[in-house]
Amino acid sequence: MPIELHLFSTPGEGDDIEWVVEVARPYFKSKFNATVAYLPLASLYAERSIAPTAEAFRGLAQIETINTETMELPQMEAILRRAAAAYIPGGNTFLLNHRLHVSGLFPYLRKKLEAGLPLIGVSAGAVICGPNILTSNDLNMLPTPHFDGLSLTPFNFNMHYADDARRDNWLIDYQSFHDNPVILMEDGSYVKVHGKQVSVARGPAWVWHAGHEKERLEPGCLIPIRP
């Protein structure tokens, strides 16, 4: 099965996750007792989001929360095996990546996603899908030595993008050392990955290839790996 990623800068209007639920809905059809593997690992206060997330999916699927601090690896892998989809919300990308690596879950999660387990990733949950997480806006507050991403796409991601010189300057610095393109997602944007095809389902978004000007992307367009 092809890779299926639904990547958002923000999960919905205001504080809700309506966009997340809407793209997840088709994966629950004709499935009895469907479950969502919920990985709120980018937050220090994940317990606060569990009840609202379960309520948002009520009537569609039940959530099974993965907690790398309290669960053993076989238990976490079992949740991913029976899930109809996985959902990784936002927070601190470095914390998310650190927890996935230290727990040992990182390679199994990547294996499942490469095999076609659908992923809805928001903010940090989208950034981690690239080759590395160095274009995250977050602070490496741990600090963690783990910077490699899931490499599910050749693109890096920058979330909550604003068209300003300071942000652009440090992205240019990134491109001085890395030649892979970066997708810049403003709030409200949605990028879809199906196999090797990466497209903008909703904008505004940009793509920036090293050594070139950034290019604004229109909804519905395929995003080229190289200009």
Handout entry: Considering residues of region 40-57 that are closer than 21 Å to C129 by Cα and touching a Pro at 6+ places or on another chain (Cβ under 8 Å) only, the residue surrounded by the most Cβ atoms within 10 Å (Cβ to Cβ)
Key = A42
Practice task
Could you tell me which numbered condition V200 fails, if it satisfies all but one of (1) surrounded by fewer than 22 Cβ atoms within 10 Å (Cβ to Cβ); (2) under 15 Å from the mean Cα position of the chain (by Cα); (3) not in a helix (DSSP H, G or I)?
Solution key: (1)
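Restricting attention to region 28-53, which residues are more than 10 Å from G91 (Cα to Cα) and either in a loop (DSSP other than H, G, I, E, B) or in contact with a Leu (Cβ under 7 Å, 6 or more places away or on another chain) (or both)?
Across region 28-53, the qualifying residues are F28, K29, S30, K31, F32, N33, A34, A37, L39.
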Handout entry: Those residues of region 65-100 which are under 17 Å from L44 (Cβ atoms), in contact (Cβ under 8 Å) with a residue 40 or more places away in the chain and of a type outside the set (S, T, Y), in sequence order
Key = I88, P89, G90, G91, N92, F94, L95, L96, N97, H98, R99, L100
Exercise for the section: Give me the pairs, please: first residue somewhere in region 207-227 and more than 16 Å from F8 (Cα to Cα), second residue anywhere and modelled with pLDDT under 90 and part of a strand (DSSP E or B), beta-carbon distance under 6 Å, and either six or more positions apart or on two chains. Expected result: none
Practice task
Look through region 173-190, keep the residues that are outside any loop (DSSP other than H, G, I, E, B) and open to solvent by 10 Å² or more (accessible area, probe 1.4 Å), and return whichever of them is farthest from I120 (Cα to Cα).
Solution key: D173
Practice task
Considering every residue within region 212-219, establish whether at least one is modelled with pLDDT of 95 or more, part of a loop (DSSP other than H, G, I, E, B) and touching a strand residue (DSSP E or B) at 6+ places or on another chain (Cβ under 8 Å).
Solution key: no
Exercise for the section: Please state which one of G203, G195, G188 is free of Cβ contacts under 8 Å to residues at least 24 places away in the same chain and under 25 Å from P118 (Cβ atoms). Expected result: G203
Completion exercise
With criteria (1) touching a residue at least 24 places away in the same chain (Cβ under 8 Å); (2) open to solvent by 20 Å² or more (accessible area, probe 1.4 Å), W170 comes up short on (1)
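Tell me which residues, restricted to region 87-121, are among the hydroxyl-bearing types (S, T, Y) and either buried (at least 20 other Cβ atoms within 10 Å of the Cβ) or under 19 Å from S49 (Cα atoms) (or both). Break it down into steps so the answer makes sense when it comes.
Residues of region 87-121 among the hydroxyl-bearing types (S, T, Y): 87, 93, 103, 108.
Result: Y87, T93.
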Problem - Top-ranked residue in region 75-86 [being within 26 Å of G12 (Cβ to Cβ) and open to solvent by less than 10 Å² (accessible area, probe 1.4 Å); ranked as nearest to the chain's Cα centre (by Cα)] - result: A86
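Of the residues in region 89-144, how many are of a type in the set (D, E, K, R) and either part of a loop (DSSP other than H, G, I, E, B) or in contact with a Gly (Cβ under 9 Å, 6 or more places away or on another chain) (or both)?
Step one: list which residues in region 89-144 are of a type in the set (D, E, K, R), which gives 99, 110-112, 114, 138.
Next cut, either part of a loop (DSSP other than H, G, I, E, B) or in contact with a Gly (Cβ under 9 Å, 6 or more places away or on another chain) (or both) only: 138.
Residues flagged as of a type in the set (D, E, K, R) and either part of a loop (DSSP other than H, G, I, E, B) or in contact with a Gly (Cβ under 9 Å, 6 or more places away or on another chain) (or both) within region 89-144 amount to 1.
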Exercise for the section: Scan region 130-164 residue by residue and report those that are more than 26 Å from L119 (Cα to Cα) and open to solvent by less than 70 Å² (accessible area, probe 1.4 Å). Expected result: D164
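The values are calculated or read from the model by the stated rules, or taken from the named source; none is laboratory data. What you are looking at is a predicted structure, and each value in this text was computed from that prediction instead of being measured. Positions of Cβ are backbone-derived with ideal geometry, glycine not excepted, and every protein chain shown enters the neighbour counts. Ligands, DNA and RNA are excluded from the accessible area calculation, which covers all protein heavy atoms including side chains. Shrake-Rupley method; radii C 1.70, N 1.55, O 1.52, S 1.80 Å.
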